[in-house]
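The values are calculated or read from the model by the stated rules, or taken from the named source; none is laboratory data. Every value quoted in this text rests on a predicted model; they were computed, and no experiment measured them. Quick reminder, even Gly has a Cβ in these numbers, built from the backbone with ideal geometry, and neighbours come from all protein chains shown. The accessibility values were calculated without ligands, DNA or RNA, using every heavy atom of the protein model including side chains. Shrake-Rupley method; radii C 1.70, N 1.55, O 1.52, S 1.80 Å.
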Amino acid sequence: MRIRYSAGTQTPLSEIVSPVVDRPGRFSQINATTACVDHRFNERVFLQHGPIACHVMRKVLLRIVFDQLWKLESVGNELLVGYGWAISFWAVVATVSLFVLWKMSKDIGQVFSSLIFWSLIPTAIALVPVLNLPVEESGIPVFGYGFMLFIAFSTATVLAARRARSIDMDPDVIWNLMMWLLVPGLIGARIIYLMQNHQRVFAQARGLGDFLWAAISLWDGGIVFYGCIIGGGVGLVLYCRRINIRPLQLADVLMPSLFVGLGFGRIGCFLYGCCFGAACSLPWAVHFPADSMTFNVLAGRWLATGNPVIEQDGKPIGGELIRPAVDYLETHTNASAMEALSSIAPDSVFTTIALHPTQIYSSLLAFSLAFLLAWYFRRRPFEGAVLALACIIYPINRFVLEIIRDDEPGRLGTFFTFSQLTSMALFAAGCGLMFRLHRKHLATK
């Protein structure tokens, strides 16, 4: 069954940057046209075996609204949730979390401190209609990408704390470590992303404030896993020096959780539409709607080259619509590419062509690696073995996965992407680390 997602939201997009093919499956970037996509779509879904609605690709996972306390309604591609449901859900999660914390720590002071933290969000939500804040009319969007990052970080931390307890390490070491990993990890991940995509990210920036805002807009997607590893590694070493703990021991504890987090994070990538794959004719191929990052990139590619990478009502569009679309954009200064397409074919639905769901591939591989590392952790022959094994296995699957991804060009004058080049370096480092630690282990026997 081939899935085609429906769309029904309005999402401003920055300048469409058109990737021009310079080798099979890869592209280089040139400026094309400034566009923002106005999604005036009929709610239509196409499946190879019949019309079945699939609202899976959700840039906005849900929207907390304030017109009704217990509202629960799907409109377009968004789920509208009354603020009463949001507060109730948060209260349940907080209660369970505080109970687990009490069982683990038996520290009433720590539980009370956490209670204050957990109460901030529902209090803020409850005050919105009371104070008639501006967000009362628009609602509070909960972005799928950001939500999955939250799930990833929380789950990874809890599992790492449990693993630390299994080797008689104080779980508080893990909880205190998380901020040392989170902040430098996000900084490193964002810096690497901006280095690779600065043209698109800063296309609409006109002043210092715009540049700073674009640089920190993590809620709109845009982090690189290897950058997270680099930044987080720096934070880990600094923290270990601060509390005088062995870095290899702590790294072994963290490695399985790292890939649990990556598994959830890649689901966020799928919801947002980044990290997309190349063209695919397999039964599970996916079509992304026009409010996704994937469509933004491929629409620019189509405008620049005429390559049939977007579809109209299930059929690839060649170069025949480019001239009318460009004419429309030239005569309508502030118009968008989608407005141009809608003016040409107002009753049509535009999506990407069928693509590999590489985000899901990556998520499944990450969860599998997390399970393998958790199993190996209990059988590791020496400190650092789990870290070294992760540095050997992950680069292999990442290197192969990059072959069927289509969101990054070759770097340094090669056919290899940044992630492939980094994977080769990390694989060599992992092999070297495993060899060195193994020899050291034998020498101390």
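What the table shows:
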quantity	calculated
P(r) tail fraction, segment 241-327 - alpha-carbon pairs more than 15 Å apart, %	71 percent
Global size of segment 68-145 as Cα Rg and Dmax, reported in angstrom	15.3, 47
Nonlocal amide H pairs with Val142, under 5 Å, H built at 1.01 Å	Leu61, Leu62, Arg63, Ile64
Cα convex hull volume per residue for segment 159-234 (Å³)	99 Å³
Assigned charges on the beta-carbon of Lys, Arg, Asp, Glu; segment 135-269 dipole about Cα centre (debye)	420 debye
Spherically averaged projected area of segment 58-100 from its Cα convex hull (nm²)	3.4 nm²
Dimensionless Rg ratio for segment 165-206, taking C-alpha atoms and the 2.2 N^0.38 Å reference	1.88
His356 accessible area, assembled protein chains, probe 1.4 Å, Å²	30 Å²
Kirkwood estimate for segment 391-430, i.e. one over the average of 1/r between Cα atoms, Å	10.1 Å
Cleavage-rule hits (trypsin sites (Lys or Arg not before Pro)) in segment 355-403: DSSP loop, at most 16 neighbouring Cβ within 10 angstrom	Arg378, Arg379
For Leu72, residues with placed amide H under 5 Å, excluding near neighbours	Gly82
Fully extended contour minus Cα-Cα distance, from Ser113 to Asp172, at 0.36 nm per residue	19.8 nm
Within the accessible area of segment 147-305 (1.4 Å probe), percent carbon and sulfur	69 percent
Segment 331-411, Rg to Rh (Cα coordinates; Rh as Kirkwood inverse mean 1/r)	1.30
Per-residue ³J(HN,Hα) for segment 165-175, Karplus 6.51 cos²θ - 1.76 cosθ + 1.60, θ = phi - 60°, Hz, x for Gly and Pro	4, 5, 10, 6, 9, 4, x, 4, 4, 5, 4
Per-residue ³J(HN,Hα) for segment 338-348, Karplus 6.51 cos²θ - 1.76 cosθ + 1.60, θ = phi - 60°, Hz, x for Gly and Pro	5, 5, 5, 5, 5, 5, 7, 9, x, 9, 9
Peptides ranked, highest mean first, by Cβ atoms within 10 Å: ranges 92-99, 228-235, 279-286	228-235, 279-286, 92-99
From phi via Karplus (6.51, -1.76, 1.60), per-residue ³J(HN,Hα) for segment 412-428 in Hz, x at Gly/Pro	6, x, 10, 7, 8, 6, 4, 5, 5, 4, 5, 4, 5, 5, 5, 4, 4
